[in-house]
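Comments concern the structure below.
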Amino acid sequence: MTTSAQLALPGLLADGSVEWVWSDDFDEGSEVKRFEHTTVMKAEVVRAIAPKAGGLYVDATLGAGGHTVALLEAEPKARIVALDRDPAAVAAAAERLVPVADRVVLVRSVFSRLREQLDELGIGQVDGVVADLGVSSPQLEDAERGMSFRREGPIDMRMDPDGEQTAFEMIRTLSDDELANVIFEYGDERRSRRIARSIKKALGAGELRTTLDLRRAIVRAVGPARVGGVDPATRTFQALRIAVNQELEELAHFLAELPGVLAPGGVAAVVSFHSLEDRLVKRAFLTPGWTLMAKKPLCPTDEEYAQNPRARSAKLRAARRTEVEETA
């Protein structure tokens, strides 16, 4: 990159090195309009992480950069390594974070490879890690990503557009029973077998080309939404997205690596949006070597929910890495 305040992007700098330089200036004026997203539970995450001067932190799911910005604003001499698998998110954040480029390293990567990415940067342990597991608004609203049944687009659903398998390809290769199992396991959809049969029937008839075709196949199996109810396609779309992106496998690997990534006393804060994710996070933080910062997960305030309805299912769990001598 050749901006006046160059971001430290591994592999893009001339000598491949990363140098940290303090910058006390920050200006929110450089918003990137093409990748806007309302950050969920921003204040609660900052309170949990409590960044300190000279501290090194990880934003494992950069998205639009909201948590990264909040942490850097809270502590002008903190540094952050931020990861995201979506190249559009990384590119937008690179532009937005130019004013604080000296304190940020952006890495395009799945967060399950956090240990590997830190090793490449010569970093042993960090003082805190935040992960927001939700799908960002730009991903949902981009019809070409195929994440939503509210916009017609290809049946894709990949968070990384360079990923190997789209949702359509997965549907095409799975058997009826295998597809039903995916919908049941990742969507908690009790009518998964009827839905799977209907989807495969539409595929065989050449009537499964777009996200709206997929929704129609689901509605044919279970009927339309009740007034004021959840759309009948919601659980199936969630299940297919989770499976395509291997979200639970990625999360499990990330959580397993956290104890080796966090320095003693460091904090991990994870925002989840459905029970499958939350269950994994809760289980990980109950293992030896962690001290919960609250017995129950935090949820968005009524005010935040009113301003951002997509935050309604968010849960924040935070835990502190126990001192080494306490776990002996």
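The values are calculated or read from the model by the stated rules, or taken from the named source; none is laboratory data. Just so it is clear, the structure is predicted and the values come from calculations on it, not from any experiment. Note that each Cβ is placed from the backbone with ideal geometry, even for glycine, and that neighbours are counted across all protein chains shown.
Give the residues of segment 253-265 that are in contact with a helix residue (DSSP H, G or I) (Cβ under 9 Å, 6 or more places away or on another chain) and in a strand (DSSP E or B), sorted by residue number.
Scanning segment 253-265 gives a single hit, 264.
Being closer than 22 Å to residue 42 by Cα, surrounded by 23 or more Cβ atoms within 10 Å (Cβ to Cβ) and not basic (Lys, Arg) is the requirement here; does residue 132 meet it?
Numbers: closer than 22 Å to residue 42 by Cα: yes; surrounded by 23 or more Cβ atoms within 10 Å (Cβ to Cβ): yes; not basic (Lys, Arg): yes.
So residue 132 fits the description; yes.
Among all residue pairs at least 6 apart or on different chains, which show Cβ distances below 6 Å where the first residue, located in segment 119-131, is touching a residue at least 40 places away in the same chain (Cβ under 8 Å) and within 14 Å of residue 259 (Cα to Cα) and the second is surrounded by fewer than 17 Cβ atoms within 10 Å (Cβ to Cβ) and hydroxyl-bearing (Ser, Thr, Tyr)?
Going by the 6 Å Cβ cut-off, there are no qualifying pairs.
Which of the residues spanning segment 276-328 are at pLDDT below 90 and in contact with a helix residue (DSSP H, G or I) (Cβ under 8 Å, 6 or more places away or on another chain)?
Result: 304, 305, 310, 311, 312.
Checking the conditions here, which among 74, 93, 53 is in contact with a Gly (Cβ under 6 Å, 6 or more places away or on another chain) and either in the same structural domain as residue 317 (by TED's automatic domain parsing) or touching a residue at least 12 places away in the same chain (Cβ under 8 Å) (or both)?
Working: 74 fails: in contact with a Gly (Cβ under 6 Å, 6 or more places away or on another chain); 53 fails: in contact with a Gly (Cβ under 6 Å, 6 or more places away or on another chain).
Exactly one residue qualifies, and that residue is 93.
Given the criterion assigned by TED's automatic domain parsing to the domain that holds residue 59 and either assigned to a loop (DSSP other than H, G, I, E, B) or β-branched (Val, Ile, Thr) (or both), identify the matching residue among 219, 271.
Only one candidate qualifies: 271.
Do we have any residue at all in segment 265-284 that's more than 30 Å from residue 143 (Cα to Cα), more than 18 Å from the chain's Cα centre (by Cα) and without any contact (Cβ under 8 Å) to a residue 40 or more places away in the chain?
yes
Quick check on segment 88-98. Is at least one of its residues more than 21 Å from residue 38 (Cβ to Cβ), more than 14 Å from the chain's Cα centre (by Cα) and not hydroxyl-bearing (Ser, Thr, Tyr)? Walk me through how you get there before you give the answer.
Our first condition is that a residue be more than 21 Å from residue 38 (Cβ to Cβ); within segment 88-98, this holds for 98.
Now drop any that are not more than 14 Å from the chain's Cα centre (by Cα), which leaves 98.
Then keep just the ones that are not hydroxyl-bearing (Ser, Thr, Tyr); that gives 98.
Yes, segment 88-98 has at least one match.
Among what's in segment 193-212 and is in a helix (DSSP H, G or I) and in contact (Cβ under 8 Å) with a residue 40 or more places away in the chain, pick the residue that is surrounded by the most Cβ atoms within 10 Å (Cβ to Cβ).
Kept after step one, since they are in a helix (DSSP H, G or I), are these residues of segment 193-212: 193-204, 211-212.
Subset that is in contact (Cβ under 8 Å) with a residue 40 or more places away in the chain: 195, 211-212.
Numbers: 195: 27, 211: 25, 212: 15.
Restricting to residues being in a helix (DSSP H, G or I) and in contact (Cβ under 8 Å) with a residue 40 or more places away in the chain, the top hit is 195.
Can you tell me which of (1) at pLDDT 95 or above; (2) under 21 Å from residue 277 (Cβ atoms); (3) touching a helix residue (DSSP H, G or I) at 6+ places or on another chain (Cβ under 6 Å) is the one residue 129 doesn't meet?
(3)
For segment 264-275, how many residues meet the condition of being at pLDDT below 95 and not small (Gly, Ala, Ser)?
Here the count works out to 2.
Which residues, taken from segment 92-138, are within 17 Å of residue 270 (Cβ to Cβ), among the β-branched types (Val, Ile, Thr) and out of contact with any strand residue (DSSP E or B) (no Cβ under 7 Å at 6 or more places or on another chain)?
Passing the criteria: 110, 135.
Taking the condition of being buried (at least 21 other Cβ atoms within 10 Å of the Cβ), among the β-branched types (Val, Ile, Thr) and part of a helix (DSSP H, G or I), how many residues in segment 153-187 meet it?
Total meeting the criteria: 3.
Looking only at segment 57-77, decide whether some residue is of a type outside the set (Val, Ile, Thr) and more than 20 Å from residue 101 (Cβ to Cβ). Steps first, answer last, please.
Quick first cut of segment 57-77, residues of a type outside the set (Val, Ile, Thr) only: 57, 59-60, 62-67, 70-77.
Now drop any that are not more than 20 Å from residue 101 (Cβ to Cβ), which leaves none.
No, every residue in segment 57-77 fails to be of a type outside the set (Val, Ile, Thr) and more than 20 Å from residue 101 (Cβ to Cβ).
When you check residue 144 against the structure, is it surrounded by fewer than 20 Cβ atoms within 10 Å (Cβ to Cβ), in contact with a helix residue (DSSP H, G or I) (Cβ under 6 Å, 6 or more places away or on another chain) and not hydrophobic (A, V, I, L, M, F, W, C), yes or no? I'd like the intermediate steps shown before the answer.
Details: surrounded by fewer than 20 Cβ atoms within 10 Å (Cβ to Cβ): yes; in contact with a helix residue (DSSP H, G or I) (Cβ under 6 Å, 6 or more places away or on another chain): no; not hydrophobic (A, V, I, L, M, F, W, C): yes.
Answer is no for this residue.
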